[in-house]
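To start, the structure under review is shown below, and the notes come after it.
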Amino acid sequence: MERFMESLGKDRRLAERHAVKTPLRLRIRKSEVNEQKVESENVSRRGVFFTTDLQLNEGAVLDLLLEMPEEITGVRAAQWICMGHVVRVVPGEAGTGPRGIGVEFDFYVVSHAAKAQWASGPGIRGPVRPTFDNSQALMNVDMARRLGKPSGTT
């Protein structure tokens, strides 16, 4: 038990960190600050660490957009749209310069879209709404439902 407690005291992370540099786009919730582009120092399935000149404090809520590499998740790389909060702030050298920011992900949506983009999702920008490439198909399904017919038999 003592060895377990010693190992727990050294590193309490629940997910392995990977020293991966990947571009991040971030927005500060309830702030007028524009979207910022930064680069991660390390990433895990539960959070990210990066440096920035932004004056962020512990507890600040952020929206992040990043491409999560395959080496971290074990599945093909995908865009992660995340909401998280700052859990660690490391001051820059001599109190100036970029600060290290540790963010724990509270929520994320995985997208395999070809281009990284902010999208609607619960807790991000609103509820997820399905999209249909063919609006006629949507009207047919709605009409069938109203008439009590199985879909596809309008």
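Throughout, read-outs are computed from the coordinates displayed, never taken from laboratory work. Values in this document were obtained by computation on a predicted structure and should not be read as measured data. Virtual Cβ from ideal backbone geometry, glycine too; neighbours counted across all protein chains shown.
Rounded to the nearest 20, the Cβ-based charge dipole of the range 21-118 about its Cα centre (Lys and Arg +1, Asp and Glu -1) stands at 200 debye. Amide hydrogen proximity for residue 77: with H placed 1.01 Å from N in the peptide plane, the residues at 5 or more positions away or on another chain lying under 5 Å are 70. Note on residue 85/residue 53: beta-carbon distance plugged into 1/(1 + (r/R0)^6) with R0 of 25 Å gives a FRET efficiency of 0.80.
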